[in-house]
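Taken together, the values in this text are just the output of simple stated rules run on the coordinates, not laboratory data. The shown structure was predicted, so the numbers you read here are calculated from the model rather than taken from an experiment. Because the Cβ atoms are built from the backbone with ideal geometry, glycine has one as well, and the counts that use them run over all protein chains shown.
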Amino acid sequence: MLVDGFPLWFFETNCWVVAPGPDGPCVVIDAPPDPDAIAARLAHHRLTPVALLTTHGHLDHVGGIGQLVERHPMPVYVHDLDRRHVLDPGPQARMMTRGEFDFPVPPDLRSIDDGDVLELADLRFTAVHTPGHTPGSTCFLLADPSPLEGDLLFSGDHLFAGSVGRTDLPGGSWTDLMRSMREKIMGLPPETRVAPGHGPATTVGRELAVNPFLAEARYA
């Protein structure tokens, strides 16, 4: 299986490309406002994207969606609570940066909710709704066909190596984030790999052992 994560834009937001292998279909997870770089990576692996999964609606994760799907038509999946940010990232762009961006509206925007299973590019993703960083924050758990590797959690900005997502932006809630972490993430098998929206990969087991915020979540 091919799993390629690469940081893009001002905030070094990880875009993930996942496929059974090169020269075939793939799934893109999050699209920072650098569609040229994403398209170049797809071309490098000779991949054709069949879907784009959105972990949450912040600009650094959704700003490149419209232009990317103009080049590679595909459905975009997002939780309804963050849908408006995908439809119009402009207000965030004006608040966060003085740059000018083109945000075409993706024509095929589909809703996801907790527990939804998506069979895409011969891969099986389960949506895990984890409100806290944003109301619609959603992780995606990929069932790895190789039992030697373990499942892979694309955690967006919910869980990082050594940290968790901030909750001081509009719609954020520390209480919700702690509850989501405790009820949805901490019970996963410790060997579950974590591919976050920023920074290096980790595992659930490692974070349970060293992440102070997960220790707090046990009692929050």
Give, in nm to one decimal, the length gained when the segment between Asp80 and Asp122 is fully stretched (0.36 nm per residue of separation minus the Cα-Cα distance).
-> 12.6 nm
Paramagnetic reach from Asp4 (point 7 Å along Cα→Cβ, amide N under 16 Å) across the range 43-77 | 43-51, 72
Pulled fully out, how much extra length does the chain show between His44 and Arg71, if you take 0.36 nm times their separation in residues and subtract their Cα-Cα distance?
-> 8.2 nm
Listed highest first by mean packing, meaning other Cβ atoms within 10 Å per residue, what order do 194-200, 116-122 come in?
-> 194-200, 116-122
Relative contact order of the range 2-217 (C-alpha contacts under 8 Å, at least 6 apart) in percent is 15
Sites excluded, trypsin sites (Lys or Arg not before Pro) in DSSP loops with at most 16 other C-beta within 10 Å, longest stretch of the chain = 99-165
Which loop chymotrypsin sites (Phe, Trp or Tyr not before Pro) in the range 1-38, with loop taken from DSSP, have no more than 14 other Cβ atoms within 10 angstrom of their Cβ?
-> Phe10
State the dimensionless ratio Rg/Rh of the range 134-220 (Rg: radius of gyration of Cα atoms; Rh: Kirkwood radius).
-> 0.95
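What does the extension gain come out to for Ala215 and Asp168, with contour length at 0.36 nm per residue minus their alpha carbon separation?
Full extension of this stretch gives 14.9 nm more.
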Long-range share for the chain, i.e. C-alpha pairs more than 23 Å apart as a percent of all pairs, stands at 41
